[in-house]
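Colleague: Sending over a structure as structure tokens; questions will come in a sec.
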Amino acid sequence: MMPLTNTLQQTTLFSSNDFTMPEHFGDDRWTILHGDVMHIVPHLTRAVFDAVITDPPYASGGASQTAKNRSTTEKYSSLRGDKALPDFDSDQMDQRSWTQWMCEWLQMVRTACKPGAPICLFIDWRQLPSMTDALQWAGWTWRGIAVWDKPSGRPQRGRFRQQAEFIVWGSNGKMPLERNVGCLPGGRILDPFAGSGTTILAAVQEGYEAVGIELTDAYFQLGTQRVKQVLESQK
């Protein structure tokens, strides 16, 4: 475990003096915290992040609750055995529970973001309406939907190919044009569901600071090692 250093000081990120730092790894440009977003985010300093980019659990696989309760590998992957990716948490909720959960963490995350901070959330078509509702309920300004084209989507006989997922985006209030939001110079990005570290890695490569949170131990290990190895190989 590497302690937070330089610009990513614990005193900068966290406002609670009695907060016990969870397991974490990173350097002066990035860190990934091992824990639950619901437990960590309430202790973050207000207005410390310039943007949120994240891919939360969709909880959309399976038409019945029995099907939803299957592992994420069973629901979303055709790979089995040692080739399968690790299962991840928080994907077994029904739609009402998932929407409430989204509302709660989105509201908490907003308090940790600066005025005008953009947010980008990845989702599929099944939970798209619930996500736009949750974003607005939490106080964010909903600004649109971008399409993520996935040419590898499998064809379905007699149906349209599931070839697109979506990015719901908005902002923490107004987005003044003079703020130069598109560039976010010197910005700090938060990913509350860091997974394998893709957003953290991309953010650092683009010159930003990045903080991730990951609940599932297997993905915390995978994400931290992946970011570390790629960045070291580019030195």
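The values are calculated or read from the model by the stated rules, or taken from the named source; none is laboratory data. None of these values were measured; they are calculated from a predicted model. Quick reminder, even Gly has a Cβ in these numbers, built from the backbone with ideal geometry, and neighbours come from all protein chains shown. Note: areas computed on protein heavy atoms with side chains; ligands, DNA, RNA excluded. Shrake-Rupley method; radii C 1.70, N 1.55, O 1.52, S 1.80 Å.
Colleague: Is there any pair with a first residue in segment 137-158 that is closer than 20 Å to Val109 by Cα and a second that is in a loop (DSSP other than H, G, I, E, B) and open to solvent by less than 90 Å² (accessible area, probe 1.4 Å) whose Cβ atoms are under 7 Å apart and which are 6 or more apart or on different chains, and what are they?
Modeller: Close Cβ pairs satisfying both conditions: Trp140/Asn172; Thr141/Gly173.
Colleague: Hey, any hits in segment 154-170 for a residue that's touching a Gly at 6+ places or on another chain (Cβ under 7 Å), open to solvent by less than 60 Å² (accessible area, probe 1.4 Å) and at pLDDT 95 or above?
Modeller: No - not one qualifying residue is present in segment 154-170.
Colleague: Related question: Tell me whether segment 71-83 contains one or more residues that are hydrophobic (A, V, I, L, M, F, W, C), at pLDDT below 90, under 30 Å from Arg188 (Cα atoms) and not in a helix (DSSP H, G or I).
Modeller: no
Colleague: Do we find a residue being of a type outside the set (Ser, Thr, Tyr) and touching a Ser or Thr at 6+ places or on another chain (Cβ under 7 Å) anywhere in segment 158-167?
Modeller: no
Yes or no, residue by residue, for (1) modelled with pLDDT of 90 or more; (2) assigned to a loop (DSSP other than H, G, I, E, B):
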position: Leu4; (1), (2): no, yes
position: Thr11; (1), (2): no, no
position: Asn17; (1), (2): no, yes
position: Pro22; (1), (2): no, yes
position: Asp28; (1), (2): no, yes
position: Thr31; (1), (2): yes, no
position: His39; (1), (2): yes, no
position: Pro42; (1), (2): yes, no
position: Ala47; (1), (2): yes, yes
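Colleague: In segment 212-235, which residues are assigned to a strand (DSSP E or B) and of a type in the set (Val, Ile, Thr)?
Modeller: Answer for segment 212-235, where residues must be assigned to a strand (DSSP E or B) and of a type in the set (Val, Ile, Thr): just Ile213.
Colleague: Next question. Looking at segment 132-155, is at least one residue under 22 Å from Leu13 (Cα atoms) and among the charged types (D, E, K, R)?
Modeller: No, segment 132-155 contains no residue that is under 22 Å from Leu13 (Cα atoms) and among the charged types (D, E, K, R).
Colleague: Applying the selection to segment 120-153, what residues are open to solvent by 40 Å² or more (accessible area, probe 1.4 Å) and either in contact with a helix residue (DSSP H, G or I) (Cβ under 8 Å, 6 or more places away or on another chain) or part of a loop (DSSP other than H, G, I, E, B) (or both)?
Modeller: Within segment 120-153, Trp125, Arg126, Asp133, Trp137, Trp142, Ile145, Lys150, Pro151, Ser152 qualify.
Colleague: Can you pull out every residue in segment 218-235 that is surrounded by 13 or more Cβ atoms within 10 Å (Cβ to Cβ) and among the hydroxyl-bearing types (Ser, Thr, Tyr)?
Modeller: Here is the first cut: in segment 218-235, the ones surrounded by 13 or more Cβ atoms within 10 Å (Cβ to Cβ) are 218-228, 230-231.
Once the filter is applied, which keeps residues that are surrounded by 13 or more Cβ atoms within 10 Å (Cβ to Cβ) and among the hydroxyl-bearing types (Ser, Thr, Tyr), segment 218-235 yields Tyr219, Thr224.
Colleague: May I ask you to list the residues in segment 91-114 that are surrounded by fewer than 23 Cβ atoms within 10 Å (Cβ to Cβ) and outside any helix (DSSP H, G or I)?
Modeller: Asp91, Gln92, Met93, Asp94, Lys114
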